Every structure is written in C-alpha cells, then in structure tokens.
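Have a look at the structure below before the remarks.
The values are calculated or read from the model by the stated rules, or taken from the named source; none is laboratory data. What you see is a predicted model; the values in this text were computed from it and never measured. Glycine also receives a Cβ, built like all others from the backbone with ideal geometry; neighbour counts cover every protein chain displayed. Accessible surface areas use protein heavy atoms only, side chains included; no ligands, DNA or RNA. Shrake-Rupley method; radii C 1.70, N 1.55, O 1.52, S 1.80 Å.
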Amino acid sequence: NAGVTQTPKFQVLKTGQSMTLQCAQDMNHNSMYWYRQDPGMGLRLIYYSASEGTTDKGEVPNGYNVSRLNKREFSLRLESAAPSQTSVYFCASRDPADRRDVTYEQYFGPGTRLTVT
Amino acid sequence: AQSVTQPDIHITVSEGASLELRCNYSYGATPYLFWYVQSPGQGLQLLLKYFSGDTLVQGIKGFEAEFKRSQSSFNLRKPSVHWSDAAEYFCAVGARGSTLGRLYFGRGTQLTVWP
C-alpha cells in the first residue's frame, strides 16, 4: 500500500514550457486535492476533485488545469509555466464522506519541487 | 469562510523543554481540526485530529492538543521536546458536513530545537 504517490520529485522548466504533475492514490479515496506550498504561505488549494469526473477550483487556480483521469489518478497541468509557479506541489486524498467511519483527514504525497526559470 | 492563524512564525526551544504551538481558527460552528508536521524535504504527516468528544486529544510522537471552543483555539503541546521534533508544523481546519472535504491551513510554525 503506497498511499499517495507523485511524479516527478523535482522539475526545472523554462518560462513558457508546459508539464503535467502526476498523482495517484491506492486507498480507494473519492476526494483528491492539489496544493502549492510557498515559504510563509502555508498550503494553498489549487484544485480539488470530490469524485471521479468532477473538479472544482480552489484558492489559486489561475495558470493550472486538472484532470481526474479515474478514481486513482488526479493530474495537474501547467500549460505555460511562469516563474510565479515556482513552488512545491502536494497532492492529497481523503476518505469518502459517506462512510460511517470516515476520518476526514487528508493523506499527502511526498511533493514535487518545481522551479521555473 | 474558514481561516487559520498561527501567530508564531518561528519558535526555538532547548531539547527537553516544553513546547506549545498556537493555533486560532475562524469558523461558524465546531470544525474539524488537525495538526500536521513536515520535516525538511518531506510531505505532511498527521500528528493528531479533533472531531468531537474529549477536547484533549493525543497524537503521535508524544504530542497532544486541546480544543478550546471559547477561545477558538487548538494549541499543540509536548512536555519534553526532542531534537528530532525540529520541523514545520501546520494547523488546519475543515468544515463539518462538507462532502468536498476542503482543509484550510495556517501559514505554519517553524520549530528549531537547540541541543
């Protein structure tokens, strides 16, 4: 049981390049999230997905797109990277809300450290 | 809207000393509350959580936190800090009844432990 996995771990992009950050979970969770972490800012929600086929914007969605490919996978795409998107990106997932023993905690992946030059 | 304030950006304590990290939240009802820890270069690990019941909750690594509704606080404590506790700590709040399960995080408190 690997939990939440993210690829790649590190990435350097030039301004204007595109890339996709991959996230997968093997805990059968319905809800998945993408956060970015910047020094002194804590974690800010970019996008989330309550279930397969649905996605919603979080606090800082501009410049990003997401795809909930299936129940396991939730990818984050930067179409035209900008230096302001230099950050550490975390994916997380959560138990479904309709279970009686739901814990509501989010489980985090190890992160992707992205630098845009 | 929910929000979380961690007033202390950086705290330094000596090994063996007691620790209290502050967390205040803003929410219209009783929220779900969490403390996460992040070691350098790592992801976030859950330390403890509060949903209901006993307002003093125990977590991993000897940490505990107390929910005080009247003060809208959920402070994290440890009686004796170890050098391995040096990390960044995040308080988070979630809304009850929300199927979306969003969490709102504080900006974090960086803990340095002197030997």
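Interface of B with A. Using a 1.4 Å probe and counting protein heavy atoms only, the two chains hide about 1900 Å² of accessible surface, both sides summed.
The eigenvalues of the Cα gyration tensor, multiplied by 5 and square-rooted, give chain B an equivalent ellipsoid with semi-axes of 24, 14, 12 Å from largest to smallest. The alpha-carbon positions of the protein assembly as shown define a convex hull whose volume is 124 Å³ per residue. Shown is the FRET efficiency for A:Ser80 and A:Met27, computed with R0 = 30 Å from the Cβ-Cβ distance and rounded to the nearest 0.05: 0.35.
Potential lengthening of the chain between B:His82 and B:Lys68 amounts to 2.4 nm, from the contour at 0.36 nm per residue minus the alpha-carbon distance. Inter-label distance, A:Ser67 to B:Thr12: 4.9 nm, where each label sits 7 Å from its Cα along the C-beta direction.
One compactness figure for chain A is 1.03, namely its Cα radius of gyration divided by 2.2 N^0.38 Å. For peptide B:104-113, the mean count of partner chain Cβ atoms within 10 Å of a residue's Cβ comes to 3.
Shielding by partners for peptide B:36-49, expressed as the average number of C-beta atoms from other protein chains within 10 Å of each residue's C-beta, is 4. Taking a straight Cα-Cα cut-off under 30 Å and skipping sequence neighbours fewer than 8 places away in the same chain, the lysines within cross-link reach of B:Lys68 are B:Lys49, B:Lys78.
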